[in-house]
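Participant: Sharing a structure, written as structure tokens. Questions coming.
The values are calculated or read from the model by the stated rules, or taken from the named source; none is laboratory data. Note that this is a predicted model, so its numbers are computed, not measured. Note: ideal-geometry Cβ built from the backbone for every residue, glycine included; neighbour counts use all protein chains shown. Accessible surface areas use protein heavy atoms only, side chains included; no ligands, DNA or RNA. Shrake-Rupley method; radii C 1.70, N 1.55, O 1.52, S 1.80 Å.
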Amino acid sequence: MADHAAALGVPVSGRGESRQIDAKGLLAQIRDAGVPLYACPVWAALLGLDGTLPQGLQAVDAAAVCTLLRDAKQVIGTL
């Protein structure tokens, strides 16, 4: 995955087989591009991230997610 990520301009850390996508670097790139990032409330709770989200991610509740999705012109996300 790191080979494909680097080819796409996604920051990668490490060398050789231990290379990984640099999640903090990727978040910084996204933030610098002015793209708002919202944390899924269900996943944040499942991962125990309540109150400890990485810088640049905004916590939202389920109602806010529904409003954001309804009003969005474009959504970039994953399952």
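Participant: I'd like to verify a number: residues in the range 52-64 that are over 16 Å from Asp32 (Cβ atoms), open to solvent by 40 Å² or more (accessible area, probe 1.4 Å) and of a type in the set (A, V, I, L, M, F, W, C), how many?
Facilitator: 4
Participant: Go through the range 34-51 and give me each residue that's in a strand (DSSP E or B) and open to solvent by 90 Å² or more (accessible area, probe 1.4 Å). It would help to see each step written out before you state the result.
Facilitator: First, pick out the residues of the range 34-51 that are in a strand (DSSP E or B): 37-39.
Tyr38 - this is the single residue of the range 34-51 that is in a strand (DSSP E or B) and open to solvent by 90 Å² or more (accessible area, probe 1.4 Å).
Participant: Modelled with pLDDT of 85 or more, part of a loop (DSSP other than H, G, I, E, B), out of contact with any Gly (no Cβ under 8 Å at 6 or more places or on another chain) and open to solvent by less than 60 Å² (accessible area, probe 1.4 Å), is that true of Leu26?
Facilitator: On the way: modelled with pLDDT of 85 or more: yes; part of a loop (DSSP other than H, G, I, E, B): no; out of contact with any Gly (no Cβ under 8 Å at 6 or more places or on another chain): yes; open to solvent by less than 60 Å² (accessible area, probe 1.4 Å): yes.
When the stated conditions are applied, Leu26 does not pass them.
Participant: Scan the range 15-46 residue by residue and report those that are of a type in the set (A, V, I, L, M) and over 14 Å from the mean Cα position of the chain (by Cα).
Facilitator: First, pick out the residues of the range 15-46 that are of a type in the set (A, V, I, L, M): 21, 23, 26-28, 30, 33, 35, 37, 39, 42, 44-46.
Matches in the range 15-46: Val42, Ala45, Leu46.
Participant: For the structure I just gave you, tell me whether Val12 is surrounded by 15 or more Cβ atoms within 10 Å (Cβ to Cβ) and either more than 10 Å from the chain's Cα centre (by Cα) or touching a residue at least 60 places away in the same chain (Cβ under 8 Å) (or both). First the steps, then the outcome.
Facilitator: Numbers: surrounded by 15 or more Cβ atoms within 10 Å (Cβ to Cβ): yes; either more than 10 Å from the chain's Cα centre (by Cα) or touching a residue at least 60 places away in the same chain (Cβ under 8 Å) (or both): yes.
In short, yes.
Participant: For Leu69, state whether it is at negative phi and open to solvent by 60 Å² or more (accessible area, probe 1.4 Å).
Facilitator: Numbers: at negative phi: yes; open to solvent by 60 Å² or more (accessible area, probe 1.4 Å): yes.
So Leu69 passes the test.
Participant: Suppose we filter the range 52-79 for residues that are assigned to a loop (DSSP other than H, G, I, E, B), aliphatic (A, V, I, L, M) and modelled with pLDDT of 85 or more; how many remain? Spell out how you get there, then give the answer.
Facilitator: Applying the first criterion (assigned to a loop (DSSP other than H, G, I, E, B)) to the range 52-79 yields 52-56, 60-61, 72-79.
Remaining after also requiring aliphatic (A, V, I, L, M): 53, 60, 72, 75-76, 79.
Going one step further and asking which of them are modelled with pLDDT of 85 or more, we end up with 53, 60, 72.
So the answer is 3.
Participant: Among the numbered criteria (1) outside any loop (DSSP other than H, G, I, E, B); (2) surrounded by 10 or more Cβ atoms within 10 Å (Cβ to Cβ), which single criterion is violated by Asp3?
Facilitator: The one condition Asp3 does not meet is (2).
Participant: Do you know which residues across the range 14-29 are under 12 Å from Met1 (Cα atoms) and among the polar types (S, T, N, Q)?
Facilitator: Result: Ser18, Gln20.
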